[in-house]
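One structure is given below, encoded as structure tokens.
The values are calculated or read from the model by the stated rules, or taken from the named source; none is laboratory data. None of these values were measured; they are calculated from a predicted model. Backbone-built Cβ (ideal geometry, glycine too); neighbour counts: all protein chains shown. Side chains included, ligands, DNA and RNA excluded: accessible areas come from the protein's heavy atoms. Shrake-Rupley method; radii C 1.70, N 1.55, O 1.52, S 1.80 Å.
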Amino acid sequence: MAYRYNEKEIIKSNSDYELYETTVTGIEFYINYNNLTAYCFKGNRTKASWKYRFKDAQKIIKYIDDEIKRHLENQDYKVQAKKQKKEKTDSFRDSVKVGDIFTTSWGYEQTNRDFFQVIAKPSKARVIVKEISSKVVKETSWCSHNVTPVKDSFIGDEKTCSINAYGISNADRYGNTAYPASTEESYHVSWGY
């Protein structure tokens, strides 16, 4: 079995380093007051997030206190971001209804558009979609044009998809997210340069 380097265990087992006591979870500090070095380990990492040498012990403590403050701010930010994403997802899920149209855009050195129409909504978080056709509304060059979806002009099979904060997950055959679209708007398509 190969040896796996575990910096955290090495520092913990070194009697020159002492654990800096803090009530914050998910972060640990080890200080060597003899050579004025400190290590920071975040989460389950075995490699230090940082390791520094300082000019004096007060600078070690100040740096660690600042790191704890940043860590707490980051944790708070993550909680708020998660809450906002959930609210956005719930709001978007509530707004999706049968008959809504969505589009995916994909392609390498080309822009392809697929359109989908919601034909059923079995739950708040899931919809059944079916691909619909599009029509050309304007030729924009010899290798591109603008298209618009044609509602109720079904061309594909039914597919059950999840609704996320921005659209419908895995709507097309490539796993792309489909975003809201409208029959009142046109969408660019190109196929060569």
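Quick notes on this one:
- Lysine pair count for segment 53-95 with Cα-Cα distance under 28 Å and sequence separation of 8 or more or different chains is 10.
- Three-way shape call for segment 74-170 based on the alpha-carbon gyration tensor, with the a/c threshold at 1.5: oblate
- Rg to Rh, two decimals, where the chain supplies the alpha carbon set and Rh follows Kirkwood: 1.27
- Computed over segment 32-126, relative contact order equals 16 percent, with contacts defined as Cα pairs under 8 Å that lie 6+ residues apart.
- Solvent-accessible area, 1.4 Å probe, carbon plus sulfur percent, for the chain: 49 percent
- Here the chain is treated with +1 on each Lys and Arg Cβ and -1 on each Asp and Glu Cβ, and its dipole about the Cα centre works out to around 300 debye.
- Cβ-Cβ FRET estimate between Gln58 and Lys85, R0 fixed at 35 Å, reported to 0.05: 0.30
- Packing-based ranking of 125-136, 92-103, 75-86, 48-59 yields 125-136, 92-103, 48-59, 75-86, ordered from highest to lowest mean Cβ neighbour count within 10 Å.
- Rounded tilt (10° steps) of 57-95 against the dominant C-alpha axis of the chain: 20 degrees
- Set of aspartates and glutamates with alpha-carbon distance to Lys121 below 18 Å, sequence-local pairs under 8 removed: Asp90, Asp94, Asp100, Glu131, Asp152, Asp157, Glu158, Asp172
- Dipole of segment 32-163 [Lys/Arg +1, Asp/Glu -1 at C-beta], most positive-end residue of Pro149, Ser49, Ser123: Ser49
- Peptide packing for 185-191, 137-143 was compared via the average number of neighbouring C-beta atoms within 10 Å per residue; ordered from the highest value, the list is 185-191, 137-143.
- Relative contact order, percent, the chain [alpha-carbon distance under 8 Å, six or more residues apart]: 15 percent
- Furthest towards positive pole of dipole, Thr89, Tyr39, Val79, structure part segment 36-93, Cβ charges: Thr89
- Å² per residue, accessible surface of the chain at 1.4 Å: 64 Å²
- Fully extending the segment from Glu73 to Ser144 would add 20.7 nm, taking 0.36 nm per residue of separation and subtracting the current Cα-Cα distance.
- Sorted from greatest to least, the principal axis extents spanned by the alpha carbons of segment 33-81 come out as 41, 23, 10 Å.
- Cα-based reach from Lys135 at 17 Å (exclusive), listing lysines while leaving out same-chain residues under 8 positions away: Lys151
- Span from the segment 14-80 Cα centroid across to the segment 127-193 one, whole angstrom: 50 Å
- Using every pair of separate Cα atoms, the Kirkwood estimate puts the hydrodynamic radius of segment 124-176 at 12.8 angstrom.
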